[in-house]
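Participant: Below: one structure in structure tokens.
The values are calculated or read from the model by the stated rules, or taken from the named source; none is laboratory data. The structure displayed is predicted, hence computed values, not measured ones. Reconstructed Cβ throughout: ideal geometry from the backbone, glycine too, with neighbour counts over all protein chains shown. Side chains included, ligands, DNA and RNA excluded: accessible areas come from the protein's heavy atoms. Shrake-Rupley method; radii C 1.70, N 1.55, O 1.52, S 1.80 Å.
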Amino acid sequence: MSTLHKSVLITGGAGFIGSNLCEHFLQKGYRVTCLDNFATGHRYNIEPFLSQENFTLIEGDIRGLEVCRQAVKEVDFVLHQAALGSVPRSINDPITSNEVNVSGFLNMLVASRDAGIKRFVYAASSSTYGDSESLPKVEEKIGKPLSPYAITKYVNELYADIFSKTYGLETIGLRYFNVFGRRQDPNGAYAAVIPKFVMQLMKHESPVINGDGNYSRDFTYIDNVIQMNELAMTTQNPEALNTVYNTAFGDRTTLNDMVHYLKLYLSEFDAEIADVSVIHGPNRIGDIPHSLASIEKAKKLLHYHPEYSFQRGLKAAVAWYWENLKKE
């Protein structure tokens, strides 16, 4: 079957990662359906696609099974990105996080099973590693979750595994590690750290780092994540199915270094940003100190070769942010 006749449903398709996936697969000639309730996604992220013949928007909530059933009709693949992200959000409101991330996920699995979907690829999370102190993080060794959000994402993996074994639904989970890049929302209480800091630095406001800044993360540029989703969706390797993969670059950067590079790249547009000071606040509840992914499993089974290092990705992201956020 040629790509022109293949169709993919992207849940949460108006969000940061989802809208980038919509754009990528439209460019590749797929028919793309986007399911989103705009709780955290934005209509402007998908505005350019609405006039395209191959794009369909379904406005709905994955907590409704009938909406999920409608969305998977005549679809070959599901890329499930819809979720309520953020550790602090889940700590403040564990019930809603569970309803969306667990009950909504189960609805999507049931709808996909009943519709005979070829493969269900879903956004898992590095938060699943919990209190495991081993570095780098290897897929088969996790700890105890440190937040309600982490619990919900681990439950997703357990459900996906059961649906593979019990119903024969092909599933692949992608444990995202601190994804950043174009279209990531800098606003709101639960904004991700990189776009939030970019916005503050552009206004010459001092960003607040939680703790001493020596916590480290495997920051992962959006294009590496797109590559992983495509590989997971299209792989013909039977050994690669019904499991989970770290989705990362395989390197780590401290928060202090991250801010250093942000100031360096932003000061190319505005020299005064280099002199903006940084404030250190208390550590955040539920945060893990260090995050570093092993990507050996993805390299071996999916032939994953990430093209964007943290610095290369950040430079590209900063240029996009400068062009698109300076109006705000």
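Participant: In region 269-282, how many are open to solvent by 60 Å² or more (accessible area, probe 1.4 Å) and either of a type in the set (F, W, Y) or in contact (Cβ under 8 Å) with a residue 12 or more places away in the chain (or both)? Don't jump to the end; show me each part of the working.
Facilitator: Initial filter on region 269-282 (open to solvent by 60 Å² or more (accessible area, probe 1.4 Å)): 269, 271-272, 275, 277, 279-280, 282.
From what is left, the residues that are either of a type in the set (F, W, Y) or in contact (Cβ under 8 Å) with a residue 12 or more places away in the chain (or both) are 269, 272, 277, 279-280, 282.
Matching residues across region 269-282 total 6.
Participant: So, one more: Considering only region 191-206, I want to know if a residue exists there that is in contact with a strand residue (DSSP E or B) (Cβ under 8 Å, 6 or more places away or on another chain), assigned to a helix (DSSP H, G or I), of a type in the set (G, A, S) and surrounded by fewer than 22 Cβ atoms within 10 Å (Cβ to Cβ).
Facilitator: No, because not a single residue in region 191-206 is in contact with a strand residue (DSSP E or B) (Cβ under 8 Å, 6 or more places away or on another chain), assigned to a helix (DSSP H, G or I), of a type in the set (G, A, S) and surrounded by fewer than 22 Cβ atoms within 10 Å (Cβ to Cβ).
Participant: Also, quick follow-up: Which one of these is within 16 Å of I288 (Cα to Cα), at pLDDT 95 or above and open to solvent by less than 30 Å² (accessible area, probe 1.4 Å): F177, F163?
Facilitator: Details: F163 fails: within 16 Å of I288 (Cα to Cα).
Of the residues listed, the single one that is within 16 Å of I288 (Cα to Cα), at pLDDT 95 or above and open to solvent by less than 30 Å² (accessible area, probe 1.4 Å) is F177.
Participant: Follow-up. In region 105-137, what count of residues is obtained for those that are closer than 30 Å to F219 by Cβ and in contact with a Gly (Cβ under 9 Å, 6 or more places away or on another chain)?
Facilitator: Going through region 105-137 one residue at a time, the tally reaches 14.
Participant: Follow-up. Of the residues V244, V259, only one is among the aliphatic types (A, V, I, L, M) and outside any helix (DSSP H, G or I); which?
Facilitator: V244
Participant: Continuing with the same structure: Being farther than 18 Å from I285 by Cβ and touching a residue at least 12 places away in the same chain (Cβ under 8 Å) is the filter here; which residues of region 201-213 pass it?
Facilitator: Residues of region 201-213 farther than 18 Å from I285 by Cβ: 201-207.
Scanning region 201-213 gives L201, M202, H204, E205, S206, P207.
Participant: Right, something else. For region 167-186, give me each residue that is touching a Lys or Arg at 6+ places or on another chain (Cβ under 9 Å) and either aromatic (F, W, Y) or in a helix (DSSP H, G or I) (or both).
Facilitator: Across region 167-186, the qualifying residues are Y167, F177.
Participant: Further, regarding this structure: Looking only at region 49-66, which residues are outside any loop (DSSP other than H, G, I, E, B), within 12 Å of T33 (Cβ to Cβ) and open to solvent by less than 60 Å² (accessible area, probe 1.4 Å)? Spell out the reasoning first.
Facilitator: First pass over region 49-66, keeping only residues outside any loop (DSSP other than H, G, I, E, B): 49, 55-59, 65-66.
Now restrict to residues that are within 12 Å of T33 (Cβ to Cβ): 49, 55-59.
Once the filter is applied, which keeps residues that are outside any loop (DSSP other than H, G, I, E, B), within 12 Å of T33 (Cβ to Cβ) and open to solvent by less than 60 Å² (accessible area, probe 1.4 Å), region 49-66 yields F49, F55, L57, I58.
Participant: Can you tell me how many residues in region 121-145 are touching a Phe, Trp or Tyr at 6+ places or on another chain (Cβ under 9 Å) and either crowded, with 16+ Cβ neighbours inside 10 Å or of a type in the set (D, E, K, R) (or both)?
Facilitator: Going through region 121-145 one residue at a time, the tally reaches 14.
Participant: Quick one: R89 ticks every box in (1) under 20 Å from the mean Cα position of the chain (by Cα); (2) at pLDDT 95 or above; (3) closer than 24 Å to R43 by Cα; (4) not small (G, A, S) bar one, so which box is it?
Facilitator: (2)
Participant: Looking at this structure, is T33 among the polar types (S, T, N, Q), open to solvent by less than 60 Å² (accessible area, probe 1.4 Å), free of Cβ contacts under 8 Å to residues at least 60 places away in the same chain and within 22 Å of V110 (Cα to Cα)?
Facilitator: Judged against the criteria, T33 is a match.
Participant: Further question on the same structure: I'd like to know if region 283-302 contains one or more residues that are open to solvent by less than 70 Å² (accessible area, probe 1.4 Å), assigned to a loop (DSSP other than H, G, I, E, B), without any contact (Cβ under 8 Å) to a residue 12 or more places away in the chain and not aliphatic (A, V, I, L, M).
Facilitator: Among the residues of region 283-302, not one is open to solvent by less than 70 Å² (accessible area, probe 1.4 Å), assigned to a loop (DSSP other than H, G, I, E, B), without any contact (Cβ under 8 Å) to a residue 12 or more places away in the chain and not aliphatic (A, V, I, L, M), which makes the answer no.
Participant: Scan Y261, Y265 and give me the residue that is more than 28 Å from P88 (Cα to Cα), open to solvent by less than 80 Å² (accessible area, probe 1.4 Å), modelled with pLDDT of 95 or more and among the aromatic types (F, W, Y). Step through it out loud before you land on a result.
Facilitator: Details: Y261 fails: more than 28 Å from P88 (Cα to Cα).
Going through Y261, Y265 in turn, the sole match is Y265.
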